[in-house]
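A short worksheet on the structure shown next.
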Amino acid sequence: MTSQVMQFFQDEEGATALEYGLLAALIAAVIIGAVTTLGNVVSTTFNNIATSMKNKTGS
């Protein structure tokens, strides 16, 4: 029984899958953050352009 427990703790086969899962989650979080930030910047830019065009045309 003790040898089976020791063998379980020394087995690193599942560690790689866990590491890849954590890495994928981190990459996904970075992508979501970047897209959200970029979306806000683009929205603000288009709103500024629309406002400027509206003011120039007098509408």
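One table, with the values for the structure above:
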read-out: Derived scalar couplings ³J(HN,Hα) [segment 45-55; Karplus, 6.51 cos²θ - 1.76 cosθ + 1.60; whole Hz; x for Gly, Pro]; value: 4, 5, 5, 5, 5, 4, 5, 4, 5, 5, 5
read-out: Extension reserve of the Thr45-Ile31 stretch, reckoned as 0.36 nm per residue once the Cα distance is removed; value: 3.0 nm
read-out: Estimated [θ] at 222 nm from DSSP helical runs (n ≥ 4, -39500 (n - 2.57)) normalised by residues in the chain, nearest 500; value: -32500 deg cm²/dmol
read-out: Spin-label pair Tyr20/Val5, simplified geometry with 7 Å Cα→Cβ offset, distance in nm; value: 3.1
read-out: Ratio of Rg to Rh over the chain (Cα coordinates, Kirkwood Rh, two decimals); value: 1.61
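Here, each number is a calculation from the coordinates, and none is a lab measurement. The structure presented is a predicted model; accordingly, all values stated were derived computationally and were not measured. Cβ coordinates were reconstructed from backbone atoms using ideal geometry, including for glycine residues, and neighbour counts include every protein chain displayed.
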